[in-house]
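Visitor: Please see the structure below; I have some questions.
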Amino acid sequence: MLAAGCAAPSEPQVTFYSHGRSVEVAPAQYCNPNGEKCTGSPDAVGKLRVPDGSPLQISVPGKVSETPWQVVFLYRGANGQELDGRSPVFTPNERHAYTLELPPDGVHLEHVEVQQFSAVLTPGADGGVDFGIGGSWVLNVEQQ
């Protein structure tokens, strides 16, 4: 008779894909829904070449999509200025993938982060509340 072993659940991986190449990225930070018991590594940064003007496809597992999440990114505009942007916040179980296309003023994608929100609330700038970031997956775009 074989004994079954118990293993701790693995941290979810996020997949980034562009032009026939993909990279799976471990979380730089991954916390339980209450924003506690955090694991991950700040050095967990994926690298992938994304040609200028090309979309980047992002796929998240169920452990991410079952909570609110979004994509934030940095890019260079036509004049070389560093700009930032973000996707809408996706509600739980709304979607498992997102295709990032730069705004019309964008030329070169530089940095992408998938952020998973936790249930931790903090006071917001306008008197509302903000959700804490419980998970973070980072991609640095390689130069062409």
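Visitor: Taking R0 as 30 Å, what FRET efficiency do you get between Ser10 and Asn140 from their Cβ-Cβ distance, rounded to the nearest 0.05?
Guide: Once rounded, the FRET efficiency stands at 0.85.
Visitor: Springs between alpha-carbon pairs under 10 angstrom, Gaussian network model over the chain: which of Phe117, Phe131, Phe73 fluctuates most?
Guide: Of Phe117, Phe131, Phe73, the most mobile in the Gaussian network model is Phe131.
Visitor: Can you tell me the dipole magnitude for the stretch 36-94 around its Cα centre, using point charges on the Cβ only (Lys, Arg +1; Asp, Glu -1), in Debye to the nearest 20?
Guide: Dipole about the Cα centre, nearest 20: 140 debye.
Visitor: Of Thr91, Thr67, which has the most accessible area with a 1.4 Å probe, and how do the rest follow in descending order?
Guide: The residues order as Thr91, Thr67, largest area first.
Visitor: Can I ask one more? When Cα extents along the principal axes in Å is calculated directly from the model, which label among (i) 52, 36, 25; (ii) 63, 48, 28; (iii) 55, 46, 31 fits?
Guide: (ii)
Visitor: What does DSSP give for the chain in terms of the percent of beta bridges that are antiparallel, rounded to the nearest 5?
Guide: 90 percent
Visitor: From the protein chains alone at 1.4 Å, what is the descending order of accessible area for Glu101, Glu94, largest first?
Guide: In descending accessible area the options line up as Glu101, Glu94.
The values are calculated or read from the model by the stated rules, or taken from the named source; none is laboratory data. Source: prediction; values computed, not measured. A quick note on method: Cβ atoms are made from the backbone with ideal geometry, for glycine too, and the neighbour counts reach across all protein chains shown. All accessible areas refer to the heavy atoms of the entire protein, side chains included, with ligands and DNA or RNA removed. Shrake-Rupley method; radii C 1.70, N 1.55, O 1.52, S 1.80 Å.
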